[in-house]
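Worksheet: the structure to be examined is printed underneath.
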Amino acid sequence: MERRNEDTRAAQIRQGIILAGGRSLRMGTDKAMLDLGGQPLLLRIIGQMRAAGIHSLILAVRDGEQEKRYLSALRERLQVGNIRIVSGAGLQAAPSFTDPALLAEDIAGRDWPESVSGPEELGISFTQDSYPECGPLAGLHAALSAAPEEGYAFVMACDMPVLSIPLLLRMAAAAQANQPVDAILTAGQPFHALYHTDAARVIQQQLERGDFRVMHMLERLRSVTVSLTEEEAAAYVNLNTPEIYRQFLSGD
C-alpha cells in the first residue's frame, strides 16, 4: 500500500468519528438518543470529544433519513437554553462519569460556545454509508473517506458513554512513535481507537469482497496495541441492551 509522508501522521488528534448507523435492535430504541443526565448519549459523546480537543466531528449514519432525524434532534437540543452535558472536568477518571454532579455541569462552562444554532457551529458534519447494510465497517469507511484532513481520527461508537483522555493521549503518543500504522487499538477492541485515513482503502477492499467483519479488518490493518489500565476499561462499556443501560445509570 502506498504510504504518505510521516509528517502527516502527527500525534495531535484534531478529528473524530462517531459511528451511529446501527439499528439498535438489541436495545429496542435508538441508542444514540438514550437519556443520560437529561441529554442524549450522542450529545454527551460530542461534548467529551470537544473537551478532549477534537473539534472536527463526523457522524457516520446509514442513510439520509437517519441523518435528518439526528440533525433535527441536535438542533433542537442545541437551541434550548442551559444545555447540560459532561464537561472536561470528569474525563480523567472513567468511573466518575456516573456522578450526577458531573452530568449536570453547564455546557458553557468549558470549551463550548455559550449559544449555538446548530451542529455546524460545533464542527459537526454527517456522512452516509456508501455500502448500505454492511454494518459498522461501512460507517467507518465512509467517515474516514470523508475526513477533512489526512491523518488520524479518533473513533467511538454511539453507544460508548465514556471517553478516557489518558488512554487517548497514550494512543496519540503511540501513533507518533510507531509510524506508519493504520490503527492504534487496545487488545480486541475496535473502537475508542485511532484510525488513519489511509485505512479507508483497506476497508473498501474488504467491503468489496463482501466481508463485513470488523475483526477481519483489524487483522489486515497495520496496527499498534496499547496497554489498558483497570480504570480505563470503563471506556469500553457499550450500552447495547436495556439491562446494561440500567446498570450504567445505577453505577453498578
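Rounded to 0.05, the FRET efficiency of the ASP35 and ARG75 pair, given R0 = 25 Å and the Cβ-Cβ distance, is 0.90. Between ILE244 and ARG201, the simple spin-label model (points 7 angstrom out along Cα→Cβ) gives 3.4 nm. For region 33-48, putting each phi into the Karplus relation 6.51 cos²θ - 1.76 cosθ + 1.60 with θ = phi - 60° gives couplings of 9, 4, 7, 10, x, x, 9, x, 3, 4, 5, 4, 5, 4, x, 5 Hz, in residue order, rounded to whole numbers and with x for Gly and Pro.
The amide H of GLN15, built 1.01 Å from its N in the peptide plane, has PHE154 as neighbours under 5 Å, considering only residues 5 or more places off or on other chains. Taking amide H atoms as placed 1.01 Å from N in the peptide plane, the amide H of LEU36 lies under 5 Å from those of LEU41, each 5 or more residues away in sequence or on another chain. Computed from backbone phi, the HN-Hα couplings of region 221-233 come to 7, 6, 9, 10, 9, 9, 6, 10, 7, 4, 5, 6, 4 Hz, rounded to whole numbers (Karplus: 6.51 cos²θ - 1.76 cosθ + 1.60, θ = phi - 60°; Gly and Pro given as x). Annotation: amide H-H contacts under 5 Å for PHE126 (H modelled 1.01 Å from N, sequence separation of 5 or more, or interchain): LEU59.
Counting Lys and Arg as +1 and Asp and Glu as -1 over every other residue whose Cβ lies under 13 Å from the Cβ of LEU41, the net charge comes to 0.
Computed from backbone phi with θ = phi - 60° and the Karplus coefficients 6.51, -1.76 and 1.60, the 3J(HN,Hα) list for region 180-192 is x, 9, 9, 8, 10, 9, 9, 4, x, 10, x, 10, 6 Hz; x is used for glycine and proline.
Each reported figure results from applying straightforward, stated rules to the coordinates on display, with no laboratory input. In this text, all values refer to a predicted model and were calculated from it rather than measured experimentally. Cβ sites come from the backbone with ideal geometry, for glycine too, and all protein chains shown count toward neighbours.
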